[in-house]
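**Student:** One structure, pasted below without further comment.
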Amino acid sequence: MHKTVTQLLLAGGLCLASLTAAGAAGPEAIPAPPPEELVLELWNPMAFPQEEAEALPDTEEKVPQLSALLAWEGLSEEQQWALAVRMEREPALLERLEQGGLSDAQLVLLALPNARTDRLDRYLAWREAHPEDSPENAVFSVNADRDLAFYSAVSETVDPAGTVVLVNKHYALPANYVPELEALGYGYGSGSLRPEAAQAFRAMADAARAEGVSLRSVSAYRSYGSQKITYNNYLKKYKRSVVDNFSARPGHSEHQTGLALDINVASSKAHFENTKAFAWLKAHCAEYGFILRYDKGKEAVTGYRFEPWHYRYVGVDIAKACMEQGLCYEEYLALLPG
Ligand SMILES: [Zn+2]
């Protein structure tokens, strides 16, 4: 009878309960945990799509190799499990293992649930450059593109119209991308957003108003063309290295997604972080699907200085995961299963 790797592991006595228990601590219990713990918290092995596993090519003939893999000395049960799941989903990787093409160091990295196989060389390079860093941190950092200088290796972003689209100094929107837009309307400040984000903003502003807090948009959707003018105007006054800390190059602005907006102010001089509105937003924005996108302490990841006024719509579930665990969006994505 054909058995999936998952079934073989269970037959072999691997204890799933111990894996899930490791990630059982609630997010509220750990306000700012180190990445090692976050990996376990966000990755739930029980969520592995079983139907998908069943539909994969027959792995029966690979059993001897898998058994050898499972017996590999030095790997914990958790690592064995993660590797077996990965090999089941990526048969080419199993072939590489059979041919002796994977080193111990590579296997340790690939055993991390959030490892991306196509980034393996970058993980190794990171470990070489940061020998003191754990494999977990290497994968976490490279997944967030910390190994790339800003604007040095730009890719076109995947699915520009998705509400989860990543736009930053590594991923750009096409110059001609214009989302479907809806005006925020009277009483909500200026500009337009995508309908789902506009609706969420109005609901958020209404809830804030009921508690005596005024939230108004001062800048929402911005086209590629207007961002180009804005960025180039700054370049007339400041050096590029300075401008890049606070203004996005055209195609790299979240405002072009129609999912981001600046609330009440858009200047560091206003010290928005000291206002009642900021405190309210920090506590409640996730309930409406928004995240504080450029938080203090995340400058090395986002490439932007602290912008307490800039919020991005990502949907309620992701927003809660980010805000409750103190993750910027790149870090959240870096922890997702590979
Ligand atoms: Zn902004």
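The values are calculated or read from the model by the stated rules, or taken from the named source; none is laboratory data. Not measured: the values here are computed from a predicted model. Note that each Cβ is placed from the backbone with ideal geometry, even for glycine, and that neighbours are counted across all protein chains shown.
**Student:** Do you know which of the residues in region 71-84 that are without any contact (Cβ under 8 Å) to a residue 40 or more places away in the chain and in a helix (DSSP H, G or I) is nearest to LEU335 (Cα to Cα)? Step through it out loud before you land on a result.
**Tutor:** Of all residues in region 71-84, those without any contact (Cβ under 8 Å) to a residue 40 or more places away in the chain come to 71-76, 79, 82-83.
After this cut, where a residue has to be in a helix (DSSP H, G or I) as well, the list is 79, 82-83.
Numbers: GLN79: 16, ALA82: 14, LEU83: 17 Å.
Restricting to residues being without any contact (Cβ under 8 Å) to a residue 40 or more places away in the chain and in a helix (DSSP H, G or I), the top hit is ALA82.
**Student:** Are any residues in region 115-132 more than 19 Å from GLY101 (Cβ to Cβ) and surrounded by 15 or more Cβ atoms within 10 Å (Cβ to Cβ), and if so, which ones?
**Tutor:** TRP126
**Student:** Working carefully through the options ALA183, ALA210, find the one that is surrounded by 13 or more Cβ atoms within 10 Å (Cβ to Cβ) and either over 27 Å from the mean Cα position of the chain (by Cα) or closer than 18 Å to VAL314 by Cα (or both). Spell out the reasoning first.
**Tutor:** Values: ALA210 fails: surrounded by 13 or more Cβ atoms within 10 Å (Cβ to Cβ).
After ruling out the rest, the residue left standing is ALA183.
**Student:** Do we have any residue at all in region 239-255 that's under 22 Å from TYR186 (Cα atoms) and either of a type in the set (Phe, Trp, Tyr) or under 21 Å from the mean Cα position of the chain (by Cα) (or both)? First the steps, then the outcome.
**Tutor:** The first filter runs over region 239-255 and keeps only residues under 22 Å from TYR186 (Cα atoms), leaving 255.
The next check asks that each one be either of a type in the set (Phe, Trp, Tyr) or under 21 Å from the mean Cα position of the chain (by Cα) (or both); those that pass are 255.
Yes, the conditions are met somewhere in region 239-255.
**Student:** Farther than 21 Å from ALA300 by Cα, modelled with pLDDT of 95 or more and hydrophobic (A, V, I, L, M, F, W, C): which single residue out of VAL154, VAL218 fits that description?
**Tutor:** Residue meeting the stated conditions: VAL218.
**Student:** So, of the residues in region 291-304 that are touching a helix residue (DSSP H, G or I) at 6+ places or on another chain (Cβ under 6 Å) and closer than 17 Å to HIS255 by Cβ, which turns out to be surrounded by the fewest Cβ atoms within 10 Å (Cβ to Cβ)?
**Tutor:** Out of the qualifying residues, it is TYR294.
**Student:** Looking at (1) loosely packed, with under 13 Cβ neighbours inside 10 Å; (2) part of a loop (DSSP other than H, G, I, E, B), which is the only condition GLY225 fails?
**Tutor:** (2) is the only condition that GLY225 fails.
**Student:** Could I ask something else about it? Going through region 216-255 one residue at a time, which ones are within 13 Å of the ligand (Cβ to nearest atom) and over 28 Å from PHE278 (Cα atoms)?
**Tutor:** Matches in region 216-255: none.
**Student:** Being of a type in the set (D, E, K, R), surrounded by fewer than 20 Cβ atoms within 10 Å (Cβ to Cβ) and under 14 Å from PHE290 (Cα atoms) is the filter here; which residues of region 186-207 pass it?
**Tutor:** Across region 186-207, the qualifying residues are GLU196, ARG202.
**Student:** Being surrounded by 18 or more Cβ atoms within 10 Å (Cβ to Cβ) and over 24 Å from the mean Cα position of the chain (by Cα) narrows it down to one of LEU215, LEU261, so name that one.
**Tutor:** Unique residue meeting the criteria: LEU215.
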